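Asks: Please read through the structure below; I'll follow up with questions.
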Amino acid sequence: METQYHISKLIAKYYLNTISKEEEKELRYWKNSNKANEKLLNRVLDEKNLSNTVEILRSIELFKELDVNHQKISEKYIKRINYFKWTSYAAAILLLFVGITYLIYELSGNSQEYLINQLSENYKPGMNKSLLIDESGKTIALNKELSIISGDSSLSIQNISNALKYTSTKANSKLEGIRMKDVYHTLIIPTGGEHFLELSDGTKIWLNSESKIKYPKFMYGKSRMIELEGEAYFEVAENKNKPFFVKTKGVNIKVLGTAFNVSAYHNEDHITTTLVDGKVSISSYNDQMTLEPGYQSVYRKDKFEKLKVDTEYFTEWKNGTFRFKRINLFELTNKLSRWYGVQFFFDKEELKNIKFTGAVQKNKPLGNILKTLKETKHIKYKVSGNSVLIMK
Amino acid sequence: MKIDKEIILNQGKEKYSYNQCFAEVFPIACSFANKFLDDLEIAKDLVQDTFVIIWDRFESFECKNHIKSYLYKSLRNTIINHLKHNEVINKYIDNKINNLRSDPTFLDYVIEQETHHIIYNAIEQLPENQKRVINLSLMGLSNEEIAAEMNISLNTTKTHKARAYKQLKSSLGNIYSILLILLK
C-alpha cells in the first residue's frame, strides 16, 4: 500500500497548499492517468466528506479506548493461560464435596488417602489439552486428531494424541534462496499436560507441563529462533547454515546441533540448561558461557554457575519419570503442582529446604509420592481440596 | 501483566511502542471501518479486536507502514465477516461488501482516509490562532474576511497564515518522488 500512502501525502499537501512544483506535477500525472483517479481526488477533497472524517477523529476518546484495549488484551491472554487453572479449581471444589461426603460416610477409614487418590485421578496425563495459536491468532485446542495443510501445500501439520508434527512437503532446495517472511506458531501446555513437538526442520522438542513455546512455522529465516517459557527437552536437527536459538526470559541459548534440556519457569528464581550431547553457548545480558556434555548451567540473580551433573535427572521427565537428586522440597513440590495440578503450602519456611533424592512414576497417583515423602519422617501433610499443606 | 511493548524500527534508529501505534492509528481505522458499517460503535469494536491481533504480533513488524497495511487488510476481512453475519442482508449491505471485496475500491478508501488523516493531524498540531486562520482559509475565506471573522488585524492574519504554512510545510516534509517510478 506504499503507493496509496504516497498519493495520500501528495493530496494532503495539495490541499494545504504546501505542495512543491515537482510534487504537483506528479499528482497531476496520477490524476490524468485514469478517470477513476480524478473522481477519487474530487471525493477526497470534498469539504463535506473531509469534515465528516474530521468529526469522527475528534470524537474518539483515545485514553478511554486505550484502556478498553488493554483490558481486552489482558482478558484474552490471561484467559488463555488461566483457563486451565480455573478448570482445575472447579474440579477441586467438586472433589472437595466428594471428599466431604466420603468423610461423613467413612470417618473411620483412611479417607485422606482416598481423597488424594481421587484428586490425582483427575489430573491424569492427557486430561488437560494443549493449545495451538496460529499466525492469525486463532486458538486451536489439540484435543483431537488434527491435520492442516498450509495454503501452498508446502507444509503439513498433524496432531495425534499429544504429538504435534510439522512436515515440510516440498523439497527444501526449492525454498532455499527465496527469503520468505516466516510466521510464528505458539503451543501452550497446561498444568498436567505434556506435548511432543516436531518442527519442520526435524528438530524434536518434548514440552513439560505449564510451558509455552513460540516457533517459526516454516523455518524460512536465516536462523531458527524459538522462544520458551517453562521446560523443554530439545533434540536439534543439525543445519550449519541455520543456527538454532532458544530465547528464555533472561537467558539466550545458541545451539550447535545437540540434545539438551531447558527449564525456565517464571515462578522459579533460576533458569537451568542441561547439556546431554553436542555444544551450546548461553548468554544473558551481562554474561555468557559454553557448555560441554554432562554439564549444567544455572542462571540465578544475573549470574551463571556451571555444574557437573548426571543429566538423566534432568531429562527423565520426558520418559514418564520424575527423577531427582538432592533437590529442595520446594522445587520438588513445584514440579508436582505443575503435573498434578495441586497447590502446595508450607507450614514453616525451613521445610522448603529439605533435600530429597528419588524417583516417581508420573502415571502414579499423587498419593503415592506423598506417602513416600511422609515415610522419610521429615514431613507430614494434610490435604484439603486441591491444596496440600506440608508440616513438620 | 505489562501490556505496552516496544519495537525498534529503521535499523535500530527508532523506538516505537504499541501504545504509540494505537494512538496514531486507532482513530483513522475507526473512521475507515465506519465508512462501511455506518455505525461508529460497531466500528470501534471491530478495530479494538483487530488491535488485539496487532498486539500479539507487534514484534514481527518492521516499519510503521507495514503495521498500518496489516491493520487495513485484517480490518477489511473483519468488516466483510461482520457484514456477512448480519441478520438482514439487503442490497445496500451487499453493495458495501462488494465495495470492500474489490481491491481498487478498498485501496481508494485507504487513500481517502489516509489523506484526511494527514490533513487533520497537520492542522491539529498548529497553535490555536493559526489553526483557526487555516480552517477559515480552507473554507474559502479571504484574508480580509478572516481578519473580520476573528476580530484581528489584517497584518496579524497574514503573519498567522505565513507561520502556519511554514509549519505545515515542515511537518509534511518533502516527499521523495516514487510515484513516477511506480507508474513506470
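The values are calculated or read from the model by the stated rules, or taken from the named source; none is laboratory data. Since the structure is predicted, the reported quantities are computational estimates derived from the model, not experimental observations. All Cβ positions, even for glycine, are placed from backbone atoms using ideal geometry, and neighbour counts span all protein chains on display. Accessible surface areas use protein heavy atoms only, side chains included; no ligands, DNA or RNA. Shrake-Rupley method; radii C 1.70, N 1.55, O 1.52, S 1.80 Å.
Asks: Report, largest value first, the span of the C-alpha coordinates of the range B:1-70 along each principal axis, in whole Å.
Replies: Sorted from largest, the Cα extents of the range B:1-70 read 41, 27, 16 Å.
Asks: Using a cut-off of under 17 Å, list every residue of the range A:206-229 whose amide N is near the label point 7 Å from the Cα of A:Thr167 along the Cα-to-beta-carbon line.
Replies: Of the residues in the range A:206-229, A:218 have backbone N under 17 Å from the label point off A:Thr167.
Asks: Once you list every other residue whose beta carbon is under 10 Å from the beta carbon of A:Thr357, what net charge do they have if Lys and Arg are +1 and Asp and Glu are -1? Please list the in-between numbers first.
Replies: Working: positive: A:Arg323, A:Lys325, A:Arg326, A:Lys355; negative: none.
Charge balance in the 10 Å sphere: +4.
Asks: Shifting gears a bit: How large is the charge dipole for the range A:2-59, taken about the Cα centre, if only the Cβ atoms of Lys, Arg (+1) and Asp, Glu (-1) carry charge, to the nearest 20 debye? Display every interim value, and only then the final one.
Replies: On the way: 11 positive and 9 negative charges, 26 e Å.
Charge dipole, the range A:2-59, about its Cα centre: 120 debye, nearest 20.
Asks: Still on this structure: Based on the Kirkwood radius over alpha-carbon pairs, what is the Stokes-Einstein translational diffusion coefficient of the range A:2-59 at 20 °C with 1.002 mPa s viscosity, in µm²/s? Before the final figure, lay out each step's value.
Replies: Working: Rh = 12.1 Å.
It diffuses with D of about 177 µm²/s by this estimate.
Asks: Checking an interface number: how much accessible area is buried between A and B, summed over both chains, with a 1.4 Å probe, in Å² rounded to 100? Present the calculation step by step, with values, prior to reporting the outcome.
Replies: On the way: alone 23030 and 12190 Å², together 29580 Å².
Counting protein atoms only, the buried area is about 5600 Å².
Asks: For the range A:247-392, I need the span (max minus min coordinate) of the C-alpha atoms along each principal axis, in Å, sorted largest to smallest.
Replies: 46, 29, 23
Asks: Please work out the Cα center distance from the range A:6-64 to the range A:283-341, rounded to the nearest Å.
Replies: Each part's Cα centre sits 61 Å from the other's.
Asks: At A:Ile140 and B:Met150, where each label point lies 7 Å from the Cα along Cα→Cβ, what is the point-to-point distance in nanometres?
Replies: It is 6.0 nm.
Asks: Put +1 on the Cβ of every Lys and Arg and -1 on every Asp and Glu Cβ in chain B; which of B:Ala162, B:Ile42, B:His85 then has its Cα farthest towards the positive end of the dipole?
Replies: Going by the charge dipole, the pick is B:Ala162.
Asks: Protein chains only, probe 1.4 Å: how do A:Trp317, A:Trp206 rank by accessible area, largest first?
Replies: On the way: A:Trp317 15, A:Trp206 55 Å².
Sorted by accessible area, descending: A:Trp206, A:Trp317.
Asks: Per residue, how big is the convex hull around the C-alpha atoms of the range A:145-315? Give it to me in cubic angstrom, could you?
Replies: Numbers: hull volume 19.3 nm³, N = 171.
Convex hull volume per residue, Cα atoms: 113 Å³.
Asks: Excluding B:Gly140 itself, what net charge comes from residues whose Cβ is under 15 Å from its Cβ, given Lys and Arg +1 and Asp and Glu -1? All intermediate terms of the calculation are to be shown ahead of the outcome.
Replies: Values: positive: A:Lys48, B:Arg132, B:Lys161; negative: A:Asp46, A:Glu47, B:Glu144, B:Glu145, B:Glu149.
Net charge around B:Gly140: -2.
Asks: Arrange the residues B:His85, A:His185 by how much accessible surface each exposes, largest first, with a 1.4 angstrom probe. Could the numbers behind the result be given before it?
Replies: Details: B:His85 145, A:His185 5 Å².
Output order, biggest surface exposure first: B:His85, A:His185.
Asks: To the nearest whole percent, what portion of all C-alpha pairs in chain B is separated by more than 31 angstrom? If you can, show how the numbers build up before the last one.
Replies: Numbers: 6018 of 16836 pairs.
Of all Cα-Cα pairs in chain B, 36 percent lie more than 31 Å apart.
Asks: Are there DSSP H segments in chain B that both extend 18 Å or more along their axis (alpha-carbon positions) and score a mean Kyte-Doolittle hydropathy of at least 0.0? List them, or say none. Working shown, then result.
Replies: Values: long enough: B:18-37 (26 Å, 0.62); B:40-56 (24 Å, 0.65); B:64-84 (30 Å, -0.81); B:103-124 (31 Å, -0.27); B:154-172 (27 Å, -1.07).
Membrane-span-like by this rule: B:18-37, B:40-56.
Asks: Which percent of the Cα-Cα distances in the range A:327-392 go past 19 Å? Could the numbers behind the result be given before it?
Replies: Details: 432 of 2145 pairs.
For the range A:327-392, the share of Cα pairs beyond 19 Å comes to 20 percent.
Asks: Also, quick follow-up: Mind ranking A:Ser130, A:Ser281, A:Ser136 by accessible surface for me, highest first, 1.4 Å probe? List each step's numbers first, then the result.
Replies: Numbers: A:Ser130 5, A:Ser281 30, A:Ser136 60 Å².
Greatest to least solvent exposure: A:Ser136, A:Ser281, A:Ser130.
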